[in-house]
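Reading through the structure tokens given below for one structure.
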Amino acid sequence: MKTVDPVTDVAVIKTLREAIRHGPYPYLRERAHAILLSIRGYSMSEIAAIFEVRYQTVSDWIDAWDDYGLRGLYKKHEGGKPPIYTDQEAQRIREIVSEEPRRLSYVQTKIAEETGKVASKQTLSRLLKKAGTCL
């Protein structure tokens, strides 16, 4: 039977309790609670019954905890199209916008010439919005 190794570090226990109470996502609160229950000696079957999830799900949570600690309780990015531009290219787009803030079509043409990547104005606009740059 797989369990979380006993944790004697008070800071880790306190962090898990804080994650249960104030974690930014419901799934994080649930996973932190499951780990705390495992530390207290609950079996994986009992934890699975408490949270109404599969046994394998609890096993995955424990593996993630063992491998990555608290970071392992967060979900990984699992969807969506990968970004068109690298971080350096996105920085260059922001620089071009700072030079010509009202001409997104100019930015579109300029970045296409520099990178060879073509993106719509809407894509550029989303990139800028995500970066907190206003047009």
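Some points to look at:
- Yes/no for Glu89 being under 30 Å from Ile111 (Cα atoms) and either in a helix (DSSP H, G or I) or in contact with a His (Cβ under 7 Å, 6 or more places away or on another chain) (or both): yes
- Residue check: Arg102 meets all listed conditions (1) in a helix (DSSP H, G or I); (2) open to solvent by 70 Å² or more (accessible area, probe 1.4 Å) but one, namely (1).
- Hey, Val10 among the aliphatic types (A, V, I, L, M) and open to solvent by 70 Å² or more (accessible area, probe 1.4 Å) or not: yes
- Options Lys81, Lys14, Lys75: the member that is touching a helix residue (DSSP H, G or I) at 6+ places or on another chain (Cβ under 7 Å) and of a type outside the set (Asp, Glu): Lys75
- Residues in the range 48-86 that are in a helix (DSSP H, G or I), more than 17 Å from Leu36 (Cα to Cα) and hydrophobic (A, V, I, L, M, F, W, C): there are none.
- Residue count for the range 69-85 satisfying the condition of being more than 30 Å from Pro26 (Cβ to Cβ) and open to solvent by 60 Å² or more (accessible area, probe 1.4 Å): 1.
- Considering (1) more than 30 Å from Ser120 (Cβ to Cβ); (2) open to solvent by 90 Å² or more (accessible area, probe 1.4 Å), the lone condition that Asp66 does not fulfil carries the number (2).
- Of the criteria (1) surrounded by 12 or more Cβ atoms within 10 Å (Cβ to Cβ); (2) outside any loop (DSSP other than H, G, I, E, B), which one Glu113 fails: (1)
- Here Arg21, Arg29 are screened, and the one residue that is surrounded by fewer than 15 Cβ atoms within 10 Å (Cβ to Cβ), at pLDDT 95 or above and not aliphatic (A, V, I, L, M) is Arg21.
- With respect to the conditions (1) more than 30 Å from Thr123 (Cα to Cα); (2) without any contact (Cβ under 8 Å) to a residue 24 or more places away in the chain, Val58 falls short on a single one, namely (2).
- Restricting the range 116-135 to residues that are assigned to a helix (DSSP H, G or I) and not hydrophobic (A, V, I, L, M, F, W, C), the residue that is nearest to the chain's Cα centre (by Cα) is Lys130.
The values are calculated or read from the model by the stated rules, or taken from the named source; none is laboratory data. All values derive from a computational prediction rather than experimental measurement. Note that we place each Cβ from the backbone using ideal geometry, even for glycine, and neighbour counts take in every protein chain shown. Just the protein is used for accessible areas: all its heavy atoms, side chains included, with ligands, DNA and RNA removed. Shrake-Rupley method; radii C 1.70, N 1.55, O 1.52, S 1.80 Å.
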